[in-house]
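Peer 1: Encoded as structure tokens, here's the structure I'll be asking about.
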Amino acid sequence: MGVDLRRQPVTDIHCFSFAPGATLAKGSFGRMFMAGGPTVMSYRPALRQRDLSASVAYRRMIHELSIFLHTADGEAEVFRRRNETGKDFATYVGSLFKDAGIERIVLDNGIEPVRFDDFRRLVPAKIYRVFRIEPLLKNLLTSSRSFGDLLDSFDDAVLFAVRKDGFVGFKSVIAYRTGLEVGAPDETEARRSFQAHRKGKEQVEWFGPRVKPLRDFLLRRVAGMSGRLGAFLQIHTGLGDTDVIADKCNPLLLKNFLKLEEVSKIPVILIHGGFPYTAEAAWLASVFPNVYFELSTPFPPTFLPALGRRRFRDVLEIVPTSRIIYGSDAIETPENHWLSARMAKQALGEALGDLVAEGTMDEDEARKGGAQILDSNGRELLAR
């Protein structure tokens, strides 16, 4: 029998905003459940619709929504009832967040379909933000005339983000750019990387120049500045959509980066817990006292195993509950934020219940651990 965490408040350390008033329809909503997601190449709608009909994750969402909306368990009726209820969108969002107990959320500003001030009026939760550094670098590589100009502008933007705009941390998706094998290049190497870009000698991808030494240098620089600013650092680890460098996304590749002095002084959150490299990420969080294991699925709401009882049990047996933290990575619709929290509570409660049944924990200890993971660990990070 599991530990009942349904009434446990939630702090979601990693998610995205969503646009107001969006209706749900099978075509648009179903794209989130397609294998590989909307970035996959050679998108063929007819084939994808067949995949959708065979998706357990999609079936789970429809079923859970039918229960929440008190309606028949079928696509047409669920979409009809949801869109009818969602006409008063803020009230509907409020009901989802209340049902899941979501009290605090931390938004990644890398994808913002709505202005932050407008989003705040939609959501009955305390909202924080993390600043994604890759879009800033892409802009600076275009606008900077010299390496010195780039560094000055980069530093100014990082300082402004925290001191003026109130960001609480930084986020890197370097796993999508050059991979997680982050080195420790010095300023000279970073300058050469920038100069190679200016001379047109650097490999260019959809996101811009690869400039690996420069990217590695700036990630280390952000870590050092985060220590002075009282901010934390989130790093995407593990798989994601088809743009991730899949052979260089194992979080073990971060080991040398995590050993750097300036990095060791700040909280580092391994977003997605390296899924499917769960054991590797868990090991890092167990041996580096500043590293947190974040529980989100790398491609919500599709990858159900990442929010499953078995994975949560594995993590609990390796990482102290004081350094496991909940995030959803939810995007596009409030239903994703809601269902992720509900699934995490269920799976975590079941995994903790197993430990209680075996005598490893008593029920009070299990409830405390659940509260740490779902809420208090996140609140402590946000209160730094």
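Readers should treat all values here as calculations from the given coordinates under stated rules, not as data from a laboratory. Just so we're clear, the structure is a prediction, and the values are computed from it rather than from any experiment. Here the Cβ positions follow ideal geometry from the backbone for every residue, glycine too, while neighbour counts run over all protein chains shown.
Peer 1: Arranged by the count of other C-beta atoms within 10 angstrom, fewest first, what order do 266, 62, 235 take? Don't skip to the answer; put the middle values down first.
Peer 2: Details: 266 22, 62 18, 235 26.
Ordered by Cβ neighbours within 10 Å, fewest first: 62, 266, 235.
Peer 1: Given contacts defined as C-alpha pairs under 8 Å and at least six residues apart, what's the relative contact order of the chain, whole-number percent?
Peer 2: Relative contact order of the chain: 22 percent.
Peer 1: Moving to a separate point now. Sort out for me the Cα centre separation of the range 1-31 from the range 289-323, rounded to whole Å.
Peer 2: That distance is 17 Å.
Peer 1: Moving to a separate point now. Based on the Cβ-Cβ distance from residue 60 to residue 365, what FRET efficiency comes out when R0 is 30 Å, to the nearest 0.05?
Peer 2: 0.50
Peer 1: Once phi is turned into ³J(HN,Hα) by the Karplus curve 6.51 cos²θ - 1.76 cosθ + 1.60 with θ = phi - 60°, what whole-Hz value does each residue of the range 367-379 show in order, with x for glycine and proline?
Peer 2: Computed from phi, the couplings for the range 367-379 are 5, 4, x, x, 5, 4, 5, 7, 9, 5, 4, x, 4 Hz.
Peer 1: Among 241-251, 195-205, what's the highest-first ranking by average C-beta atoms within 10 angstrom per residue? Spell out each step's value before the answer.
Peer 2: On the way: 241-251: 16.9, 195-205: 12.9.
Listed from highest to lowest mean packing, they are 241-251, 195-205.
Peer 1: Just subtract the alpha-carbon distance of residue 80 and residue 118 from 0.36 nm times their residue separation and send over the number in nm, one decimal.
Peer 2: So the chain would gain 11.1 nm between residue 80 and residue 118.
Peer 1: Which whole number of Å³ per residue matches the convex hull of the alpha-carbon atoms in the range 255-321?
Peer 2: 79
Peer 1: Right, next: Report the FRET efficiency, 1/(1 + (r/R0)^6), for residue 6 and residue 256, where r is their Cβ-Cβ distance and R0 is 56 Å, rounded to 0.05.
Peer 2: So, using R0 = 56 Å, E works out to roughly 0.85.
Peer 1: Provide the FRET efficiency to the nearest 0.05 for the residue 279-residue 88 pair, computing r from the beta carbons and using R0 = 51 Å.
Peer 2: So, using R0 = 51 Å, E works out to roughly 0.65.
Peer 1: Here is the link list: 126/259; 164/345; 87/171; 126/171; 212/255; 199/265. Which ones come out longer than 29 Å on Cα distance?
Peer 2: 126/259; 164/345; 87/171; 199/265, as the Cα separations exceed 29 Å there.
Peer 1: Please report the antiparallel percentage of the DSSP beta bridges confined to the chain, to the nearest 5.
Peer 2: Of those bridges, close to 5 percent are antiparallel.
Peer 1: Applying the Karplus parametrisation 6.51 cos²θ - 1.76 cosθ + 1.60 with θ = phi - 60° to the phi angles of the range 14-29, what ³J(HN,Hα) value in whole Hz is obtained for each residue in order, glycine and proline being reported as x?
Peer 2: Computed from phi, the couplings for the range 14-29 are 7, 7, 10, 7, 9, 6, x, x, 5, 8, 9, 9, 4, x, 6, 5 Hz.
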